[in-house]
Amino acid sequence: MSYHVNEKGYYGQFGGAFIPEMLYPNVEELRQNYLKVMAEPDFKKEFDQLLRDYVGRPTPLYFAKRLSKKYNTKIYLKREDLCHTGAHKINNTIGQILMAKRLKKKRIIAETGAGQHGVATATVCALAGLECIVYMGEIDIARQAPNVARMKMLGAEVRPALSGSRTLKDATNEAIRDWINNPVDTHYIIGSAVGPHPYPDMVARFQSVVSEETKWQLKTVEGRENPDYMVACVGGGSNAAGAYYHYLNEPSVKLIAVEAAGKGIYTGESAATSVLGKEGVIHGSKTLLMQTTDGQITEPYSISAGLDYPGVGPMHAHLYETKRAEFISVTDDEAMTAGLELSQLEGIIPAIETSHALAIFETKKFKPEDVVVISLSGRGDKDLSTYIDYFKL
Ligand SMILES: *Cc1c(COP(=O)(O)O)cnc(C)c1O
């Protein structure tokens, strides 16, 4: 069984490139070039240098002593929260901006929901000196003002998406429309392991540095490269894809994917795609998707903007179908409690997305000798007002 993409762009039955005819040349250009470009020594050198000197890699693998004591198991945190801009997303945008330059693109477009991917994209566009246009739903622009200000300060133009529910899905549609109209000079930087092939694979490869580092870091401290469990939260699936990547074909490493159950899986206010989703097509790939019986996409809900997505990437849909990964759903309340707990036990305020992954210790029991690695995908600065409102701090 392979958990990697095949040459047709599929993970088992999921993936592919379901795109309008007019987008075909753009996606095809990328498909024909991405592996070749990534294999070039110059590309690798520049990518590695920027990850080191600009992003701050390798990120530490931190043994969380007090958290481990409380749950009577060995918990390590892979500190993506210490990356420049505060989360793992920059690993992917650095890779894609270098790809865009190799493909001689002059203009970058991106979609963003909460603004985290927009900020990571605006950052690398400033770094590379390329024009940056970020599409963002009008509603999101209003509720994510600090990130809108960051993008503007970095020199990006933020264009409101005015159609539909005026949130992430509509921003994505606008970005795709822009790409169709600007096929020659524009690269579209997608922010997660989603979209038409080759995006999920390309994003997973750029994020795979997370498990690559974890291997040698664990070897140093535990004398073995493989943990017993690798745990990550899943929105579209990019931090999980990176954390799993080098462990996909290591059956001794159990993979755990944590989804947002919002107010409860069956409350109608949830983003637990693996439980509620059925096969469907979203943003160019066939995957598991929350939808009504007649195929309309259901509006997802989660307290965390980064997990508030009605689908998962095709790699994760396949990991779910094949049972290679165990999927666990965590509610808003459970996640918020876990976020507060990490803050007070370890002095680390996590992003609310990440807090979902941390919440599994309340329900799932591990053995004292188990080595459990959590992808600490991001820091909580951006979520402070949500934590303040929730805990009445
Ligand atoms: C965006 C984001 C996520 C969710 O995205 P994935 O592509 O599933 O990783 C998780 N954590 C943080 C901190 C994020 O910013």
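The values are calculated or read from the model by the stated rules, or taken from the named source; none is laboratory data. Here the structure is a predicted model, which means the values were calculated and not measured. Cβ coordinates were reconstructed from backbone atoms using ideal geometry, including for glycine residues, and neighbour counts include every protein chain displayed.
So the values come out like this:
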| quantity | calculated |
| --- | --- |
| Hey, D201 part of a helix (DSSP H, G or I) and more than 28 Å from T59 (Cβ to Cβ) or not | no |
| Residue ID - nearest to S375 (Cα to Cα), chosen from residues in the range 176-223 that are among the basic types (K, R) and touching a residue at least 24 places away in the same chain (Cβ under 8 Å) | K215 |
| Failed condition for H318, given (1) buried (at least 24 other Cβ atoms within 10 Å of the Cβ); (2) closer than 12 Å to V234 by Cβ; (3) away from the ligand (no atom under 14 Å from the Cβ) | (2) |
| Matching residues, the range 177-213, being charged (D, E, K, R) and more than 16 Å from the ligand (Cβ to nearest atom) | R177, D178, D185, E212, E213 |
| Enumeration of residues in the range 282-328 that are of a type in the set (D, E) and more than 30 Å from I388 (Cα to Cα) | D294, E321, E326 |
| Within the range 69-78, tally of residues that are touching a strand residue (DSSP E or B) at 6+ places or on another chain (Cβ under 9 Å) and surrounded by fewer than 21 Cβ atoms within 10 Å (Cβ to Cβ) | 2 |
| Pair list, Cβ under 7 Å, 6 or more apart: the range 66-91 residue more than 27 Å from I190 (Cβ to Cβ), other residue of a type in the set (S, T, N, Q) | K74/S68; I75/S68 |
| Of residues in the range 365-393 being surrounded by 15 or more Cβ atoms within 10 Å (Cβ to Cβ) and over 22 Å from the mean Cα position of the chain (by Cα), the one nearest to the ligand (Cβ to nearest atom) | Y390 |
| Any chance T93 is in a helix (DSSP H, G or I), within 14 Å of the ligand (Cβ to nearest atom), polar (S, T, N, Q) and modelled with pLDDT of 95 or more | yes |
| A257 vs. criteria under 23 Å from K367 (Cα atoms), under 13 Å from the mean Cα position of the chain (by Cα) and not in a strand (DSSP E or B) | no |
| Options E157, E174; residue that is farther than 18 Å from L23 by Cβ and more than 16 Å from the ligand (Cβ to nearest atom) | E157 |
| Residues that are crowded, with 21+ Cβ neighbours inside 10 Å and not charged (D, E, K, R), drawn from the range 349-364 | P350, A351, I352, T354, S355, H356, A357, L358, A359, I360, F361 |
| Yes/no for F43 being farther than 30 Å from I282 by Cα, aromatic (F, W, Y) and in the same structural domain as Q96 (by TED's automatic domain parsing) | yes |
| Hits in the range 323-338 (condition: of a type in the set (D, E) and outside any strand (DSSP E or B)) | D332, D333, E334 |
| Count - residues of the range 285-306 that are away from the ligand (no atom under 16 Å from the Cβ), in a loop (DSSP other than H, G, I, E, B) and in contact (Cβ under 8 Å) with a residue 24 or more places away in the chain | 1 |
| Tabulated pairs, the range 380-391, first without any contact (Cβ under 8 Å) to a residue 60 or more places away in the chain, second away from the ligand (no atom under 16 Å from the Cβ), C-beta under 7 angstrom, 6+ apart or interchain | Y387/L393; F391/L340 |
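Residues are listed down the side, and each one gets a yes or a no for (1) more than 16 Å from the ligand (Cβ to nearest atom); (2) of a type outside the set (D, E, K, R); (3) assigned to a strand (DSSP E or B):
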residue: K215; (1), (2), (3): yes, no, no
residue: V221; (1), (2), (3): yes, yes, no
residue: P227; (1), (2), (3): yes, yes, no
residue: A241; (1), (2), (3): no, yes, no
